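K.L.:
The structure's right below; bear with me while I get my questions together.
Nothing in this text is a laboratory measurement; each read-out follows from the coordinates by a stated rule. Keep in mind the model is a prediction, meaning the values are calculated, not measured. Every residue, glycine among them, receives a Cβ derived from its backbone with ideal geometry; neighbour counts consider all protein chains shown.
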Amino acid sequence: MKSVINKNVTSKLPLVILMTIPFWLLVIVTESQPISYVSSIFSIIILVKWFLKFVKTPENRLSLLKIGAWFLVLYNNIAWVVVLIIHHFVLKNSLSHTFKNGSIKTDLYNYVLAIIYITIFSCVLSLLGGIKKIKEGEALLYHKIKKIEILDDKKIRVVLIFLFAIQMLLISLGIIGQRTLNIESFQEGKIPFWLPFFNTSLFVYKVFLVLFAIRIKSFYSKRMIETLLYLAPIFFISFSAGRRPIVYLFVFLIYWWYLFGKTIKLKVAMIALLLMPVVSGVFVFSQFVRNYKIHFNSSAEGIDMFMEAYELFSNSPKIMEKYEDESIENIAFRPLIAWPLSACFAYENKSFTYGENIFNSLIWVIPGPLIPNKKDYPVQEGLLYQHFKIGTLDTADSLYLSAYTEFSYFGVLIYPLLIYFLWAILLKFNLKLNFNTYFLIISIGVFFELVVLKLGESALTGWFSGFRTLVFLGICFVVFDKKQYQVKI
C-alpha cells in the first residue's frame, strides 16, 4: 500500500502554497492592484499544475485535507482575479472604491493580509494532510470506496427511485422553499427532526446518481434520459438554496466521478461550455427569485412560486436587465469571502475569544432538552460582534475567521489541528468498523463538503453538527447489525 503513495508529488503542496506568498507581500508594500493581479495569476497556474499531477495517483483523490487546503487557496486567488476583471471591464471602477463605499468595509492592505493568513492556514492544513498515518488510511479507504462501483444496477436504481420520490414529495408539497423550509416549526427557528436525515440522504442520492451515470454507454441512450430525470429534483433543491449550492452540486458530482476513476470526455466538456450562457441565465434568475416574494408580495410557495416568478421574469425585459446588472454587481464583491477577516485585522480594539467559540459550538450541538439555555452561549456572528464590532450584516462564517478571532496568529496552527483530528477520527471509524456502503458515502460526502466546498463559508457549529449526525448513524449501524459492524482486531 505504501508504494501507491507518490511522495514526490504529495509532499510538494505546502511548498507550492508558500510560493504564492512573496507576490502578496509585494502587494502589501506597494498596495498595487496590477501586482495583485499578477500574484493571483501566478498562484492559480502553479496550484492547477500541482493538482493535475497530484490526482494522477488514484489514492490521492481521497486526500481531503490536502485537496481542501489547495481549493481554499485556489478559490481566493480565482475570486480576486474575477473581481478585478469585473471592476475594470464591466463596472469601469476600481476595487478600492468598492472597499470604501460598498457593503464590505475594508481596504487593499488588510484584505491582502487576510489572504496571506488564509494561505498560511492552508499550508499548515496541507502539512497535516501529509502525515504518514493519514495518507495510508486514505489509501486504504479509497480501495474500500472503489468497491461501491460494483454495486448491482437494480439496487442503485431502487435507491435512486426511493430518494427521488421523497424529494419530489417535499417539492410538490411546497416544503422546499427559497432558502428555507415552508413549515411552521422551521419558521419559528426549530429544526425538524427529519431534516438532518434528509440532508444526509442527499449525499447517498448524489453518489448513486454518479454510479448510475458512469454506466451510460451512449449519449442518446435511455439511461442518459433517466440520469437527467434523477438530476432534476436535486438541482431544484440546490437552486432553491442559492447560486453557490448549484456550483457545489456539480463540483460534488464531478469529484465522485473522478473518484470512481472516470474522466470527462471532450464532447461533454464542449457541451458544458456551450451551455455557459444558460448557466449565466440561471444565476441571474436565482438573483431575481431571491427577492421575488418581498418585492412582488407573492403568497405562492414552493415550486408554484418558482413558476410564477419565471413567468414574470421571462416576459419582462426590463426586470431581466435590472437583475442582470444586480447579479453582476453582486459577483463584483460576493466572491471576496475573506473580507470579514480583513475587517478584523483592521479593527483596533481587538478582543480574542480564546476557545469560547469552540466550547459554545459544542454546546449548540447537544440536544436542546439537555441544555435549554443555549442562547446564553453565543456563536458565529453573535459572538464575533461582541469582540470585533465590524458590522451588523450577515457575515460569511469560516474556520479561518474563527481561528483568528479566537487565537490571533496562533489560530493558523490550532484550527487546522482541529480539522485534522476530526478527519483522523472519521478515518478510524471507517477503517476499524466494517461499515456498509451508505455510511461510507455519507461520511466521506459530509467531510468533502465541509473541508473542500465550505471551508471558506461554514461555521464550526456546522462541522460539529455534521459529525454529531455521523456518530448517531454509526451507532445505528452497530446496533442494528452487531455481527456485520463489529470492531476488527
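K.L.:
For Lys49, what charge total do you get from the other residues with a beta carbon under 13 Å from its beta carbon, if Lys and Arg give +1 and Asp and Glu give -1?
P.N.:
For residues surrounding Lys49, the net value is +3.
K.L.:
In whole Å, what is the distance between the alpha-carbon centres of the stretch 121-180 and the stretch 219-288?
P.N.:
After rounding, the separation between the Cα centres reads 16 Å.
K.L.:
Counting only other residues whose beta carbon sits under 13 Å from that of Met19, what net charge do I get with K and R as +1, D and E as -1?
P.N.:
After counting each charged neighbour, the total is +2.
K.L.:
Counting only other residues whose beta carbon sits under 15 Å from that of Ile115, what net charge do I get with K and R as +1, D and E as -1?
P.N.:
-2
K.L.:
In the set (1) 184; (2) 169; (3) 151, which value of volume of the Cα convex hull per residue in Å³ was calculated from the structure you see?
P.N.:
Answer label, from the structure shown: (2).
K.L.:
While we're looking at this one, here's another question. Quick one: grab the alpha carbon gyration tensor of the stretch 150-330, order the square roots of its eigenvalues as a ≥ b ≥ c, and give me rounded if a/c is under 1.5, else prolate or oblate depending on whether a/b is larger than b/c.
P.N.:
Because a/c hits 1.5 or more and a/b fails to exceed b/c, the stretch 150-330 counts as oblate.
K.L.:
Now for a different question. Please list, by residue number, every one of the GluC sites (Glu not before Pro) in the stretch 312-405 that is coil in DSSP and has at most 14 other beta-carbon atoms within 10 Å.
P.N.:
Working: sites: Glu321, Glu324, Glu326, Glu329, Glu348, Glu356, Glu381; in loops: Glu348.
Taking the stretch 312-405 and a limit of 14 other Cβ atoms within 10 Å, the loop GluC sites (Glu not before Pro) found are Glu348.
K.L.:
Starting from the amide H of Gly177, placed 1.01 Å from N in the peptide plane, find each other amide H under 5 Å away whose residue is 5 or more places distant or on another chain.
P.N.:
Close amide H contacts, sequence-distant or interchain: Asn182.
K.L.:
Out of the trypsin sites (Lys or Arg not before Pro) in the stretch 329-412, which ones are loop residues according to DSSP with at most 15 other C-beta atoms within 10 Å?
P.N.:
Working: sites: Lys350, Lys374, Lys375, Lys389; in loops: Lys350, Lys389.
For trypsin sites (Lys or Arg not before Pro) across the stretch 329-412 that sit outside H, G, I, E and B with at most 15 neighbouring Cβ atoms in 10 Å, the list reads Lys350, Lys389.
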